[in-house]
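Here is the structure we will look at, set down as structure tokens.
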Amino acid sequence: MNRSADVAVVGAGIVGLAHAYMALRKGYKVVLFERDEWAVGASIRNFGLVWPVGQEPGTGFTYALRSRQHWTELAAAAGFWINPSGSLHLAYHADEEAVLQEFLELYKYSDYQVSWFSGEQAVEKSGVINPDGLRGALWSATECTVNPRQAIRKIPEYLAEKFGLITRWGHVVKGIALPVIETASEQWQVQKVFVCSGADFETLYPDHFKRQDLTKCKLQMMKAVPRQPVVLGPALCAGLTLRHYAAFAGCPSLKLLDARYDQQSSFWKENGIHVLLSQNDQGELIIGDSHHYARTHDPFLSEAVDQRILAYLNSFVKLDFQVTERWHGVYPKMAGHLSFVQEVEEDVVIVNALGGAGMTLSFGLAEENLERF
Ligand SMILES: Cc1cc2nc3c(=O)[nH]c(=O)nc-3n(C[C@H](O)[C@H](O)[C@H](O)COP(=O)(O)OP(=O)(O)OC[C@H]3O[C@@H](n4cnc5c(N)ncnc54)[C@H](O)[C@@H]3O)c2cc1C
């Protein structure tokens, strides 16, 4: 094997795959290194939601819409499932309705594709919604769902077949001194490297990850099988989600909502709980999540957290299901930033810390990085 390429990518999660895709589209010869036999990090542990509506107008939202376009094209070309499901933010309380109405007013001239739905319209979109006390909902047309377990395996297969991506599975990159990039058993000559190593801060350039503003977030997730077949339609969420995403930060009534939830129970905020529900191509329900921040996390799942997630879910859906899987995922997060992008030496660029929006932002960010570096 001729061990040379124009571009090397470290990590076959969505960030690495997006950078490989953009480099291949530019005609570069690309080699992709992944320490595991297939990627098993954050990118296969998520909801599979491409979620532009959570991004504030500006760079994040622009990346999100670009990503959505790329996801749609790639799914068609590579043959994996994508559902342009849209999303509903459900309002059961006056302050939730107020936040959503303020959001609509604040951004009426933006590119969000949002509108107000009455309770009846919302229930028409998704028959599983609990209609009791429902005041209405924010409908957004831009959200998509993929099955990450399928997509993250299909993308590199397709890139290898269509563009000649070279994949080195089971190869941990342990050193970079350009033009040489080195794994435990191979040396490659390359001109440029994108280091997309996710939650591994320890192997490559550890000093650059020693920053106060960079941390790791652990999330608890569940998969469930409905006892009767259901079609969810849009991805669903409710009031707790409004205090999670930056897009709602400018809504004046958010303070009231925040205070009310805290008064009801401090458990939600202490455990970073907000609840999203998506459905994959198998009809399975993906439920989560919680958010705990630390540099090192214990590997244990809290049953109390799962129970609170399920209780909140059951406040806004009427569904009979059985939980069949539980897991956690970890993603890096940089306070106040969409991502951590740094050229740590000439032609070696770290791309990390896309936080809870890696599926939403990666293709847009990668497109820009291929122009920038
Ligand atoms: C539970 C959960 C739910 C989420 N839900 C959503 C969602 O619905 N929508 C959304 O947009 N985002 C979501 N996110 C965020 C999103 O999943 C992450 O932002 C994204 O997956 C990060 O991708 P990554 O490629 O940086 O990391 P990873 O997917 O972790 O990939 C990094 C890869 O690098 C490899 N690697 C590391 N070091 C080396 C080395 N030295 N040599 C070779 N290989 C190496 C690792 O083995 C790993 O496969 C969620 C995250 C979690 C955890």
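The numbers here are math on the coordinates, done by the rules we state, and not lab data. What you see is a predicted model; the values in this text were computed from it and never measured. When we count neighbours, we look across all protein chains shown, and the Cβ atoms used for this are built from the backbone with ideal geometry, even at glycine.
Couple of notes before you dig in:
- Among the conditions (1) in contact with an Asp or Glu (Cβ under 6 Å, 6 or more places away or on another chain); (2) within 13 Å of the ligand (Cβ to nearest atom), Cys251 misses just one, which is (2).
- Unmet requirement for His171, which otherwise passes all of (1) closer than 30 Å to Arg295 by Cα; (2) within 24 Å of the chain's Cα centre (by Cα); (3) part of a loop (DSSP other than H, G, I, E, B): (2)
- Segments classed as strands (runs of 3 or more DSSP E), wholly inside the stretch 18-132, with at least 3 members that are aliphatic (A, V, I, L, M): 30-34, 87-91
- For the stretch 145-168, filtered to residues that are part of a loop (DSSP other than H, G, I, E, B) and more than 23 Å from the chain's Cα centre (by Cα), the residue that is nearest to the ligand (Cβ to nearest atom) is Leu165.
- Restricting the stretch 338-362 to residues that are near the ligand (Cβ under 8 Å from one of its atoms) and in a strand (DSSP E or B), the residue that is farthest from Arg149 (Cα to Cα): Val351
- Here the condition is being away from the ligand (no atom under 15 Å from the Cβ) and of a type in the set (Ser, Thr, Tyr); of Tyr63, Tyr21, Tyr107, it holds for Tyr107 alone.
- Test: residue in the stretch 182-204 that is free of Cβ contacts under 8 Å to residues at least 60 places away in the same chain and part of a strand (DSSP E or B): yes
- Of all residues in the stretch 113-131 being touching a Phe, Trp or Tyr at 6+ places or on another chain (Cβ under 7 Å) and among the β-branched types (Val, Ile, Thr), the one that is surrounded by the most Cβ atoms within 10 Å (Cβ to Cβ): Ile129
- Residue in the stretch 318-337 that is nearest to the ligand (Cβ to nearest atom), counting only those that are under 18 Å from Ser302 (Cα atoms) and either part of a loop (DSSP other than H, G, I, E, B) or among the β-branched types (Val, Ile, Thr) (or both): Val330
- Within the stretch 118-147, the set of residues being in contact with a helix residue (DSSP H, G or I) (Cβ under 8 Å, 6 or more places away or on another chain) and within 13 Å of Gly86 (Cα to Cα) comprises Ala137, Leu138, Trp139, Ser140, Thr142, Glu143, Cys144, Val146.
- Residue in the stretch 18-30 that is out of contact with any Pro (no Cβ under 7 Å at 6 or more places or on another chain), closer than 26 Å to His244 by Cβ and of a type outside the set (Lys, Arg) present: yes
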